[in-house]
Amino acid sequence: MTGTEPQFIDIGTGDARRRIAYRRETRSGSPRPGLLWLAGLKSDMASTKASTLADYAAKAGVDCVRFDYSGHGLSSGPFEEGTIGRWLEEAVTIFRTIAPGPRIIVGSSTGGYVALLLLKYLLENDPAEARRIMALVLIAPAWDLTEQLMWKRFSEDARQAILTNGRYLKPSDYGEPYTITRQFIEEGRKHQLVGQTFNPGRPILILQGLQDDVVPAEHVRGLETLLDGGHVRITEVADGDHRLSRPQDLALLLQLIEEASTRALID
């Protein structure tokens, strides 16, 4: 397994300053684009999918960058202070400063949402940097997470806990319950894709399990109409769940990355 020592970069100022851990396996000489991994909620750069990506990059001879959001993994700060905007800022900074050259962005679940927001932000604010993104390869992208997949699906008791107490302890199928704060929900409304349709201008290749009850396939299919230009293609796995971490799932993921890489060379 590929494993470099983590490095750190400070992002933000004042009380919002946090120390972000990242790993970059630097390689040169390949014409293929490098990779940037964006993890899911409560996951980190040492996960099965992230490690599989790093191993693939080593064999392909391409640069690979992984990092932990604040409140995750080796990065500083409590999880409860995290917001979509804060993690987007971290992704933008890592992309601009740690991940040079053409890149394929690979994002899982919340990371898929952050990948879409990263592309949208750069298209609107820094088109030259946006041109470095050759494709997005997404696994069960949890777009509009805080509103569509959390707030609208929460029970009335959960909503009242958030409004009254400022937090709700959300059960998880993948570990201990975790805290969803009022700040997380309300700040997330600044980053909704609904009503903000845009043309990504490059391939958006998605891997989606049909047994996923965390980010349902119907929700993910909404990206086909939410994003203009016909760039979205979804590969559905009939017996796949949200994790999509079985050997056969990972093989499909690498096939999509290989396809995106080959198309980048042709284009």
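The values are calculated or read from the model by the stated rules, or taken from the named source; none is laboratory data. In this text the structure is predicted, and so the values were computed from the model without any measurement. Cβ placement follows ideal geometry from the backbone for every residue including glycine, while neighbour counts extend to all protein chains displayed.
Structure summary
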quantity: Evaluation of Gly112 against (1) farther than 21 Å from Ser47 by Cα; (2) modelled with pLDDT of 95 or more; (3) not hydrophobic (A, V, I, L, M, F, W, C) (one fails), failing number; calculated: (1)
quantity: Given (1) loosely packed, with under 14 Cβ neighbours inside 10 Å; (2) at pLDDT 95 or above; (3) of a type in the set (Gly, Ala, Ser); (4) within 14 Å of Asp144 (Cα to Cα), index of the condition Gly195 fails; calculated: (2)
quantity: Flag for Gly166 being in contact with a helix residue (DSSP H, G or I) (Cβ under 7 Å, 6 or more places away or on another chain), of a type outside the set (S, T, N, Q), in contact (Cβ under 8 Å) with a residue 12 or more places away in the chain and under 22 Å from Trp87 (Cα atoms); calculated: yes
quantity: Scan of the range 71-91 for residues that are in contact with a helix residue (DSSP H, G or I) (Cβ under 6 Å, 6 or more places away or on another chain) and surrounded by 16 or more Cβ atoms within 10 Å (Cβ to Cβ), ordered by number; calculated: Gly71, Thr83, Ile84, Trp87, Leu88, Ala91
quantity: Subset of the range 216-233 [closer than 16 Å to Pro203 by Cβ and assigned to a loop (DSSP other than H, G, I, E, B)]; calculated: Asp228, Gly229, Gly230, His231
quantity: Residue under evaluation Arg243, criteria (1) of a type outside the set (Asp, Glu); (2) surrounded by fewer than 18 Cβ atoms within 10 Å (Cβ to Cβ); (3) in contact (Cβ under 8 Å) with a residue 60 or more places away in the chain, criterion not met; calculated: (2)
quantity: Any hit, the range 137-146, residues being part of a helix (DSSP H, G or I) and at pLDDT 95 or above; calculated: yes
quantity: Output for the range 209-229, where each listed residue is in contact (Cβ under 8 Å) with a residue 24 or more places away in the chain, surrounded by fewer than 18 Cβ atoms within 10 Å (Cβ to Cβ) and more than 14 Å from Gln148 (Cβ to Cβ); calculated: Leu210, Gln211, Asp213, Asp228, Gly229
quantity: Residues (among the acidic types (Asp, Glu) and either touching a residue at least 60 places away in the same chain (Cβ under 8 Å) or under 20 Å from Glu147 (Cβ atoms) (or both)) located in the range 65-80; calculated: Glu80
quantity: Top-ranked residue in the range 48-70 [being surrounded by fewer than 21 Cβ atoms within 10 Å (Cβ to Cβ) and of a type in the set (Gly, Ala, Ser); ranked as nearest to Arg243 (Cα to Cα)]; calculated: Ser51
quantity: Hey, Ile185 of a type in the set (A, V, I, L, M) and within 19 Å of the chain's Cα centre (by Cα) or not; calculated: yes
quantity: Verdict on Val62 being of a type outside the set (Ser, Thr, Tyr), in contact (Cβ under 8 Å) with a residue 24 or more places away in the chain, assigned to a loop (DSSP other than H, G, I, E, B) and closer than 27 Å to Arg263 by Cβ; calculated: yes
quantity: Criterion violated by Ile206 - all others in (1) surrounded by fewer than 17 Cβ atoms within 10 Å (Cβ to Cβ); (2) within 23 Å of Ser245 (Cα to Cα); (3) touching a Lys or Arg at 6+ places or on another chain (Cβ under 9 Å) satisfied; calculated: (1)
quantity: Number of positions in the range 170-180 that are over 20 Å from the mean Cα position of the chain (by Cα) and either in contact (Cβ under 8 Å) with a residue 40 or more places away in the chain or closer than 16 Å to Gly71 by Cβ (or both); calculated: 3
